[in-house]
Amino acid sequence: MTAKELLQQYQDAEKEIRAKLDKLERYREMATRTTTSFSKAKVFTSTENKMETIVAGIVDLQSDIEKRVCELRDVQHNVECIIRQVTKSKPRTVLLRRYINGQTWEEIAVAMGITYQWVCELHGQALQEITKNILAS
């Protein structure tokens, strides 16, 4: 695994959790739209089964999200440990802003008061140092 792939793990896991949260929101919307008819002529089984299925999906998804959030904390810790291996402050800050905070290169440049090109250069330096550390261990 490359240094960049190691660092990207946190963002990938966070995106997965966001997708699951979006799905959870859709399930909740379905649950609130599903109503039971109180007409005596209708059988309630299909609506009740649909609601049970939706509620079961919500519970399962919430459990999965909680599990993934716990795993995300571990991934974040690992990525931060890798980033802390970078000795110089500016390249380390670029990595934190990119791989933990999820900022774009442009946002990093503005926040740090440097050019886009310099952000790319600092990123490259940091990746080289991480790669060197990985190969040494």
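For region 91-127, the set of residues classified as in contact with a Leu (Cβ under 6 Å, 6 or more places away or on another chain) and either small (Gly, Ala, Ser) or assigned by TED's automatic domain parsing to the domain that holds LEU7 (or both) consists of ALA126 only.
Would you mind finding the one in GLY102, GLY124 that is modelled with pLDDT of 95 or more and assigned to a loop (DSSP other than H, G, I, E, B)? So that I can check it myself, show each step before the final result.
Values: GLY124 fails: assigned to a loop (DSSP other than H, G, I, E, B).
Every option except GLY102 fails the conditions.
Can you find, within region 100-118, the residue that is surrounded by the most Cβ atoms within 10 Å (Cβ to Cβ) among those that are touching an Asp or Glu at 6+ places or on another chain (Cβ under 9 Å) and within 24 Å of ALA13 (Cα to Cα)? Checking each candidate, the answer is ILE100.
Cβ-Cβ distances below 6 Å connect the following pairs, each with a first residue in region 51-68 that is within 23 Å of GLU14 (Cβ to Cβ), a second residue that is of a type in the set (Ser, Thr, Tyr), and a separation of six or more residues or different chains: GLY57/TYR27; ILE58/TYR27.
With respect to ILE83, determine if the residue is crowded, with 16+ Cβ neighbours inside 10 Å and either touching a residue at least 24 places away in the same chain (Cβ under 8 Å) or outside any helix (DSSP H, G or I) (or both). Spell out the reasoning first.
On the way: crowded, with 16+ Cβ neighbours inside 10 Å: yes; either touching a residue at least 24 places away in the same chain (Cβ under 8 Å) or outside any helix (DSSP H, G or I) (or both): yes.
The answer is yes for ILE83.
The values are calculated or read from the model by the stated rules, or taken from the named source; none is laboratory data. Here the structure is a predicted model, which is why all the values come from computation and not from measurement. We place every Cβ from the backbone using ideal geometry, glycine too, and count neighbours over all the protein chains shown.
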